[in-house]
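Novice: Next up is a structure, given as structure tokens.
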Number of protein chains: 2
Amino acid sequence: MPDPHKLVECVPNFSEGRNPEKIEQIVTPFRGKETVKLLDYQRDEDHNRMVVTVVGEPDDLKEAVIEAMGKAIDVIDMRQHHGQHPRMGAIDVVPFIPIKNMPLAETIDLSKEVARLASEKYNLPVFLYEASASHPERENLANIRKGEFEGLVEKLKRPQWRPDFGPAQIHPTAGVTAIGARMPLVAYNVNLDTDNLEIADQIARKVRHISGGLRYCKAIGVELKDRAIVQVSMNMTDYTRTALYRVFELIRIEAERYGIGIVGSEIVGLVPMQALIDSAAYYLRVENFSMDQVLETRLME
Amino acid sequence: MPDPHKLVECVPNFSEGRNPEKIEQIVTPFRGKETVKLLDYQRDEDHNRMVVTVVGEPDDLKEAVIEAMGKAIDVIDMRQHHGQHPRMGAIDVVPFIPIKNMPLAETIDLSKEVARLASEKYNLPVFLYEASASHPERENLANIRKGEFEGLVEKLKRPQWRPDFGPAQIHPTAGVTAIGARMPLVAYNVNLDTDNLEIADQIARKVRHISGGLRYCKAIGVELKDRAIVQVSMNMTDYTRTALYRVFELIRIEAERYGIGIVGSEIVGLVPMQALIDSAAYYLRVENFSMDQVLETRLME
């Protein structure tokens, strides 16, 4: 048997959400590579921004991303860019996400190689962020992006904001890019049988990492006004370590002290099958289960 | 977007489990087709039988199966065949199983086309069975195979056992073949915290279809002597209609009347991801979930 295919996802954000011809030029490199699959691209006119979702084997994906970055630099001039979303570059942010047969460590290496190659080829300053960050204060994208395109001219002159790759000054038209690796996010919300937002907030505080909860859980309370209920709205930042069923059961237990039940839950957007299968295996008490027993795992090898 | 790919599985059983060269000749056609993937082939020397697991798009899979049937007819002489497993032909049985974007009805059509083409090409008598059966008494393979290779010479002369395709007499060296469509089987066992086989048997009777239980569940009680426990051992014959969590919960409720708990459960062999994701969605109370939200579904399109 040959080595199983490695699959990585990339979700680059480009600062162009209005001009269809420019958008087409940017996404074209994701269409030509054998193992690369363009899953989605969504443009937002108000944000003047486009989010691309693409999956592929590491080498092909690397090439395609670097090509698309070049196209974005060709067609976007940040000096003319206006939109509601915070942004600092023509290619604003390029997260790589391990999908299959790919440890996070290799995904970090891939992100650094793309950062190095793209910074050399385009003379572009690049910050590494998330799991690829060189300093803890660079893990969070918001810290890097603070000041945005206009403010980064000065920010890059400060030694602690020297880019990880490329020159210590912004690209005149393309600004600055952040590149990094992170685990897949699962957007998971649990709906409570109450309209009391305070209760959702309190439960969110108990289950989220920052205030003492589960390591890979971010949570806030949110009102669903049309349904007259509230929800604990979460981003699960590593479902392989903080399983969905665990946060679901914790919320159930916390809600019980208020005499409140769980109405339902929601998964927003895409979810890797393992995130759900782990929960099925827990509730069904499956012994010695392996993901290799899932037919679809075998089909994708 | 082009039409999503249709995927069908085929698990043909060939009456050759000993001679590696013959086995290689039979499986070769499954290696050459673009969309066809040979997932597994297991030979059994005692049974003198080989079970092939192969997946592909309908047209390619059809061609490959018909080619492999021809190879099996070339290299197997049923007059010389001995083995422990009941058998009636060189290609004993050819089940087709819908995997993706493929309704059972289309899979039935595919099985009939393979039956027609192969019977014409090889002058082979073919019975349709399972969901493709032309009469209720032909649904069950055991009914068709009764008499085995040696007994079928006479059986085929009786009007009610006239084959669905091909001549009303056995192929002199290749015997008779059964071809049909069925839903994927999930082999699912639930282990009970008791060594009392009678209890497992009683619960099996309550959950299985034949004695009043769930429509797509076959069940028996089984002893696990090395663990000193018993299990309800099941074949779930259509997980899309009889979900795993439903039979698990029924067994839990029935075990409670004996004061007995569930130790765990087992999934034997391969399972389609949806069978487990349906159970996760139940326990996590996920609202409005669609299989299109599973990343792997998108990757396979």
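Novice: Collect the residues in region B:40-50 that are touching a strand residue (DSSP E or B) at 6+ places or on another chain (Cβ under 9 Å) and either open to solvent by 60 Å² or more (accessible area, probe 1.4 Å) or free of Cβ contacts under 8 Å to residues at least 24 places away in the same chain (or both), keeping them in residue-number order.
Specialist: Within region B:40-50, B:D40, B:Y41, B:Q42, B:R43 qualify.
Novice: Follow-up question, since we're still on this one. Being touching a residue at least 60 places away in the same chain (Cβ under 8 Å) and either within 14 Å of another protein chain (Cβ to nearest Cβ) or of a type in the set (G, A, S) (or both) is the filter here, so list the residues in region B:10-38 that pass it. If you could, list the steps in order and put the result at the bottom.
Specialist: Step one: of region B:10-38, the residues touching a residue at least 60 places away in the same chain (Cβ under 8 Å) are B:10-17.
Passing the criteria: B:C10, B:V11, B:S15, B:G17.
Condition check ((1) closer than 29 Å to A:A281 by Cβ; (2) of a type in the set (K, R); (3) in contact (Cβ under 8 Å) with a residue 60 or more places away in the chain; (4) surrounded by fewer than 19 Cβ atoms within 10 Å (Cβ to Cβ)) across all residues:
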{"residue": "B:E137", "(1), (2), (3), (4)": "no, no, no, yes"}
{"residue": "B:Q160", "(1), (2), (3), (4)": "no, no, no, yes"}
{"residue": "B:G175", "(1), (2), (3), (4)": "no, no, yes, no"}
{"residue": "B:Q202", "(1), (2), (3), (4)": "yes, no, no, yes"}
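Novice: Among the residues of region B:204-221, which ones are open to solvent by less than 30 Å² (accessible area, probe 1.4 Å) and within 16 Å of B:N191 (Cβ to Cβ)?
Specialist: B:A204, B:V207, B:A219, B:G221
Novice: Report yes if A:E120 is outside any strand (DSSP E or B), open to solvent by 50 Å² or more (accessible area, probe 1.4 Å) and under 30 Å from A:E296 (Cβ atoms), otherwise no.
Specialist: Against the criterion (outside any strand (DSSP E or B), open to solvent by 50 Å² or more (accessible area, probe 1.4 Å) and under 30 Å from A:E296 (Cβ atoms)), A:E120 does not qualify.
Novice: Looking at (1) closer than 21 Å to A:L244 by Cα; (2) without any contact (Cβ under 8 Å) to a residue 60 or more places away in the chain, which one does B:A275 not meet, given that it meets all the others?
Specialist: The one condition B:A275 does not meet is (2).
Novice: What number of residues within region B:177-200 satisfy the criterion of being within 24 Å of the chain's Cα centre (by Cα), open to solvent by 10 Å² or more (accessible area, probe 1.4 Å) and more than 14 Å from every other protein chain (Cβ to nearest Cβ)?
Specialist: So the count comes out to 1.
Novice: Does A:D164 satisfy the condition of being acidic (D, E), farther than 30 Å from B:A280 by Cα and surrounded by fewer than 18 Cβ atoms within 10 Å (Cβ to Cβ)?
Specialist: Judged against the criteria, A:D164 is not a match.
Novice: Given the criteria within 14 Å of chain B (Cβ to nearest Cβ) and open to solvent by 50 Å² or more (accessible area, probe 1.4 Å), does A:E57 qualify?
Specialist: Considered against the rule, which asks whether it is within 14 Å of chain B (Cβ to nearest Cβ) and open to solvent by 50 Å² or more (accessible area, probe 1.4 Å), A:E57 comes out as yes.
Novice: Now a separate question. For residues that are part of a loop (DSSP other than H, G, I, E, B), surrounded by fewer than 18 Cβ atoms within 10 Å (Cβ to Cβ) and either of a type outside the set (F, W, Y) or at the interface with another protein chain (Cβ under 7 Å from one of its Cβ atoms) (or both), tally how many sit in region B:246-301. Steps first, answer last, please.
Specialist: As a first pass, look at region B:246-301 and keep what is part of a loop (DSSP other than H, G, I, E, B): B:257-261, B:269-270, B:272, B:284-285, B:287-290, B:300-301.
Right, trim to surrounded by fewer than 18 Cβ atoms within 10 Å (Cβ to Cβ) and you get B:257-259, B:261, B:269, B:285, B:287-288, B:290, B:300-301.
Those still in the list that are either of a type outside the set (F, W, Y) or at the interface with another protein chain (Cβ under 7 Å from one of its Cβ atoms) (or both) too: B:257, B:259, B:261, B:269, B:285, B:287-288, B:290, B:300-301.
Selection size over region B:246-301: 10.
Novice: I need every pair where a residue in region B:248-265 that is of a type in the set (S, T, Y) has its Cβ under 6 Å from the Cβ of a residue that is assigned to a helix (DSSP H, G or I), sequence separation at least 6 or different chains.
Specialist: Short answer, once both residue conditions are applied: B:Y258/B:I199.
Novice: Then there is this: Do you know which residues across region A:77-92 are at pLDDT 95 or above and open to solvent by 10 Å² or more (accessible area, probe 1.4 Å)?
Specialist: Within region A:77-92, A:D77 is the sole residue that qualifies.
Novice: Would you say B:L224 is open to solvent by 20 Å² or more (accessible area, probe 1.4 Å), touching a strand residue (DSSP E or B) at 6+ places or on another chain (Cβ under 7 Å) and aliphatic (A, V, I, L, M)?
Specialist: Criteria met by B:L224.
The values are calculated or read from the model by the stated rules, or taken from the named source; none is laboratory data. Since this is a predicted model, take the numbers as computed values, not measurements. Every residue, glycine among them, receives a Cβ derived from its backbone with ideal geometry; neighbour counts consider all protein chains shown. Accessible surface areas use protein heavy atoms only, side chains included; no ligands, DNA or RNA. Shrake-Rupley method; radii C 1.70, N 1.55, O 1.52, S 1.80 Å.
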